[in-house]
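*Asks:* Supplied in structure tokens, the structure appears directly below.
We did not get these values from a lab; they are worked out from the coordinates using the rules stated. Note that the structure is a prediction, hence the values are computed from the model and not measured. Note that we place each Cβ from the backbone using ideal geometry, even for glycine, and neighbour counts take in every protein chain shown.
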Amino acid sequence: MQKAVFRPRIFSTDQYQITLPEGHKFPVSKYGILRDLIEKEGLFQLEQAAPAKTEIVALAHDPAYVTGFTQGSLPAPAMRRIGLPWSQVLVQRAFASVGGTISASLQAMEHGWGATLGGGTHHAFRSEGAGFVYSMTLPLPSSF
């Protein structure tokens, strides 16, 4: 009988494909490429990140800002600061990005390590967007 091998979970958000204008600098395709590479290695259990609940997001952000973002009613200058065109998919991806961060944090508290591939699109102050991070590389711990 073979012993089950523990494979740490990594949360992803690339199921939400943001449509961007040609030439946009946010490399949305990198998330799927990275997930595919990690999946081929077979060292991790990949899991789609569950979206954070609106009430959870509103703990960190002004509820009026959260409502405006989710409904697509933020003023044009606020959307320009976010740096990505509004769409329902953007909302879903942003909430899944937060959900993935929460899930990875809970996993880290339980197992000492957690990760999400969905970062880069949820940066904001309490009541306004602050753009996105379009390039991020983190080394894996040597134990993996």
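*Asks:* DSSP loop chymotrypsin sites (Phe, Trp or Tyr not before Pro) in region 1-86 with at most 11 other Cβ atoms within 10 Å of their Cβ, which ones?
*Replies:* On the way: sites: 6, 11, 16, 31, 44, 65, 69, 86; in loops: 6, 16, 44, 86.
In loop regions of region 1-86 (DSSP not H, G, I, E or B), the sparsely surrounded chymotrypsin sites (Phe, Trp or Tyr not before Pro) are 6.
*Asks:* Same structure, new question: How high is the relative contact order of region 1-106, given as a whole-number percent (alpha carbon pairs under 8 Å, six or more residues apart)?
*Replies:* Values: 94 pairs, mean separation 42.3, N = 106.
Answer for region 1-106 is 40 percent.
*Asks:* What FRET efficiency do you get for residue 89 and residue 41 if R0 is 25 Å and r is their Cβ-Cβ distance, rounded to the nearest 0.05? Don't skip to the answer; put the middle values down first.
*Replies:* Details: r = 28 Å, r/R0 = 1.12.
Here the calculated transfer efficiency is 0.35.
*Asks:* Could you rank the peptides 73-82, 17-26 by their average count of other C-beta atoms within 10 Å per residue, with the highest value first?
*Replies:* Values: 73-82: 13.8, 17-26: 11.3.
By packing density, highest mean first, the sequence is 73-82, 17-26.
*Asks:* Using only the Cα atoms of region 15-100, what are the Rg and Dmax in Å?
*Replies:* 14.7, 44
*Asks:* Each residue of region 72-89 in order: what ³J(HN,Hα) in whole Hz does its phi give by Karplus 6.51 cos²θ - 1.76 cosθ + 1.60, θ = phi - 60°, with x for Gly and Pro?
*Replies:* Working through the residues one at a time gives x, 10, 5, x, 3, x, 5, 5, 4, 5, 5, x, 10, x, 5, 7, 5, 5 Hz.
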